[in-house]
1. Just to be sure before I move on: is D146 more than 18 Å from the chain's Cα centre (by Cα), crowded, with 16+ Cβ neighbours inside 10 Å and acidic (D, E) in the structure I sent?
2. Just one of the numbered conditions (1) under 19 Å from the mean Cα position of the chain (by Cα); (2) surrounded by 14 or more Cβ atoms within 10 Å (Cβ to Cβ) is not true of K168; which one?
3. List, please: which pairs have Cβ atoms under 7 Å, are six or more places apart or on different chains, and start with a residue in the stretch 176-202 that is surrounded by 21 or more Cβ atoms within 10 Å (Cβ to Cβ) and end with one that is among the aromatic types (F, W, Y) and in a helix (DSSP H, G or I)?
4. For residues that are charged (D, E, K, R) and assigned to a loop (DSSP other than H, G, I, E, B), scanning just the stretch 1-59, find the one that is nearest to T165 (Cα to Cα).
Amino acid sequence: MYTPAHFVEDRPEVLVALMRDHPLATLVTFGKQGLAASHIPLIYDPLPEPFGTLRGHMAKANPQWRDISAEVQALAIFGGLQHYITPSWYPSTAEHGKVVPTWNYAVVHASGKLAVQHDCIWLRRNVEELTNANERKFTRAWRVDDAPAEYIDRMLREIVGVEITLDKLEGKWKVSQNRAATDQAGVVSGLRELGTPEACEMARLVAERGVKQE
């Protein structure tokens with residue numbers, strides 16, 4: 001991932017927080033049929049150190065897991081906040097006009113060796129962890145045990161597990177750090193004026209990192 005110095009985010013706790021807050025990842029692999037990608041939620045485990053492990057599952061009917069090159073790392077891409085940025089928010093637009101639109105975003109790339117899991121105990125544990133992590137926000141949380149046991153057993157036979165032992169974590173927080181302080185303030189004001197939850201959260205990020213980095 002191309003990441004200029006002023007957009008680099010390498011604090012482990014920040015990278016992990018994004019992966020946990022936005023667990024739906026794009027899993028990219030390479031095999032005899034070329035590149036393949038699936039969109040699946042992944043659970044992060046901090047062990048083994050220093051980078052940890054990602055675990056998830058995909059449909060057994062998905063051909064991606066059958067065509068994985070052992071020599072090529074798998075890549076999981078986690079997308080966080082993102083928002084279009086219009087030049088009309090920059091005071092420098094009126095000053096000299098040398099501006100262009102851009103897109104602000106936060107993203108994590110996690111890569112490592114991928115292993116396929118067929119063990120039913122592993123699969124059930126993964127399904128339960130994914131379910132519990134996402135159901136805890138609800139007052140009446142659904143649990144895997146709420147479904148008939150034979151139905152869950154049948155569904156588990158239709159999936160395979162994927163486990164990525166990570167050896168690289170990269171973060172890129174592109175949130176207007178390359179703009180002058182006045183332009184950053186204009187972006188924050190413009191986003192807040194839009195008033196959407198996504199815009200307000202991006203405004204917070206821009207303000208939080210609002211010191212221009214050379």
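1. no
2. Checking K168 against (1) under 19 Å from the mean Cα position of the chain (by Cα); (2) surrounded by 14 or more Cβ atoms within 10 Å (Cβ to Cβ), the one that fails is (2).
3. Final answer for the pair search is G186/W89; V187/W89.
4. E49
Residues checked against (1) part of a strand (DSSP E or B); (2) modelled with pLDDT of 95 or more; (3) at positive phi:
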| residue | (1), (2), (3) |
| --- | --- |
| S69 | no, no, no |
| L75 | yes, yes, no |
| K98 | no, no, no |
| W103 | yes, yes, no |
| V108 | yes, yes, no |
| V127 | no, yes, no |
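The values are calculated or read from the model by the stated rules, or taken from the named source; none is laboratory data. Just so you know, these numbers come straight off a predicted model, no measurement behind them. Cβ sites come from the backbone with ideal geometry, for glycine too, and all protein chains shown count toward neighbours.
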